[in-house]
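The values are calculated or read from the model by the stated rules, or taken from the named source; none is laboratory data. Not measured: the values here are computed from a predicted model. FYI the Cβ positions are ideal-geometry reconstructions off the backbone, even for glycines, and counts take in every protein chain you see.
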Amino acid sequence: MVLSVSGRPKEIGSSAAILGHPLRSLVAAARMSAEWGEALEPGHIVMAGGATAAHPASVGETVSLEVQNLGCVSINVEA
């Protein structure tokens, strides 16, 4: 995936970088939840983690993320 800011590539990442496979992140989240006395239940939303570094968005920027075989999403940052 490519994170672009105002049309310029800023970060490049892969979901494989999330503990090698997104399912491993889910297993790790379930273990941590259990340690804290919580459970992951059907319907819970679990985010696997970041595949790119975060970007502090600034007013006036357009931030987009293109994911191979899935498409692209973008936001315009306004005041």
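A compact table of results
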{"quantity": "Check on residue 59, loosely packed, with under 10 Cβ neighbours inside 10 Å and closer than 21 Å to residue 2 by Cα", "calculated": "yes"}
{"quantity": "Contacts under 7 angstrom Cβ, first residue in segment 1-17 being free of Cβ contacts under 8 Å to residues at least 60 places away in the same chain, partner in a loop (DSSP other than H, G, I, E, B) and exposed (fewer than 13 other Cβ atoms within 10 Å of the Cβ), 6 or more apart", "calculated": "11/53"}
{"quantity": "Hits in segment 5-31 (condition: modelled with pLDDT of 80 or more and either on the phi > 0 side of the Ramachandran plot or of a type in the set (Phe, Trp, Tyr) (or both))", "calculated": "6, 7"}
{"quantity": "Residue match in segment 35-55 (condition: surrounded by 10 or more Cβ atoms within 10 Å (Cβ to Cβ), of a type in the set (Gly, Ala, Ser) and at pLDDT 90 or above)", "calculated": "no"}
{"quantity": "Counted residues, segment 1-33 - those being surrounded by 11 or more Cβ atoms within 10 Å (Cβ to Cβ), charged (D, E, K, R) and part of a strand (DSSP E or B)", "calculated": "2"}
{"quantity": "Count of residues meeting criterion [closer than 16 Å to residue 14 by Cα and outside any loop (DSSP other than H, G, I, E, B)] in segment 34-72", "calculated": "6"}
{"quantity": "Close pairs from segment 49-60: first on the phi < 0 side of the Ramachandran plot and small (Gly, Ala, Ser), partner modelled with pLDDT of 85 or more and surrounded by 13 or more Cβ atoms within 10 Å (Cβ to Cβ), Cβ under 6 Å, at least 6 apart", "calculated": "51/1; 51/13; 53/11; 57/63; 57/77"}
{"quantity": "Residue pairs meeting the criteria (Cβ under 7 Å; at least 6 apart or on separate chains; first within 12 Å of residue 47 (Cα to Cα), in segment 20-32; second of a type in the set (Val, Ile, Thr) and in a loop (DSSP other than H, G, I, E, B))", "calculated": "25/18; 26/46; 29/46"}
